[in-house]
Amino acid sequence: MVVLIVASSVIAVGAPCFAGQSTTVSGLAVGELTPSFPVLAVSGPHKGKEVCYVCEFMGAPTIFAFFRQTGDDMASVVKRLDELSRRNTGLRVVAISIEGQDSQPWLEKFAQENGIAIPLAVLRNGTHDIAMKVYKLNANMDNTILMSVERKVAANLVNVTAENFTLLTDAISGALDRR
């Protein structure tokens, strides 16, 4: 009987951690201010330098995409983010690996081989970086994608994939419409 109830609950409600508006499982809640934090730029105009993209992008609509690890899953989402950025010139996007500086060679090669225009960056101290705490990031999530408008979180999605990427584009459209 217990198995039937659990199975029915999963069927009715869905499995946990589908991409969608986060209930602050990872990342700042909608409405919270996006604090400044430094990253090491791996690509883009600030390559090799420490930069604060929150400061750089000011109040522009911005997507901060934090990824647990490099690899195929990250690559497929970053490619979609890059396409999204190219189609929406007023939107700023940065993809950040929370693995730390060990992921730098992979990110550099990936950006070069795929012509990625959005900046790729790493948290200098990996999961021990202050940004993990300040942004309330859960290192167990594949990714946490925050959209900020005028330095306030307008959308928070976790575990976005190339297959469910429309959840992100829908959230962006909604956030920009409310602006």
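What follows draws every value from the coordinates through simple rules; no lab data is involved. Note that the structure is a prediction, hence the values are computed from the model and not measured.
Here the Karplus relation 6.51 cos²θ - 1.76 cosθ + 1.60, evaluated at θ = phi - 60°, turns the backbone of the range 38-45 into coupling constants of x, 9, 9, 6, 9, 9, x, x Hz, with x for every Gly and Pro.
Across the range 21-65, the convex hull enclosing all Cα atoms gives 95 Å³ per residue. What the pair-distance distribution of the range 71-152 shows, using all Cα-Cα distances binned every 5 Å from zero, is 3, 13, 24, 25, 20, 12, 3 percent.
Looking only at the chain, where both bridge partners belong to it, what percent of the DSSP beta bridges are antiparallel (to the nearest 5)?
Rounded to the nearest five, the antiparallel share is 65 percent.
Amide H contacts under 5 Å for Asn143: Arg68, Asn159, Val160, restricted to partners 5 or more places along the chain or on a different chain, H placed in the peptide plane at 1.01 Å from N. Of the two radii for the chain, the radius of gyration is 0.99 times the Kirkwood radius, both from the alpha carbons; that is the Rg over Rh value. Coupling constants for the range 116-126 follow from the phi torsions by the Karplus curve (6.51 cos²θ - 1.76 cosθ + 1.60, θ = phi - 60°), and in residue order they are 6, 8, 5, x, 10, 8, 10, 6, 4, 9, x Hz; glycine and proline get x. Within a straight-line Cα-Cα reach of under 19 Å, Lys133 can be paired with the following lysines, leaving aside sequence neighbours fewer than 8 residues apart in one chain: Lys152.
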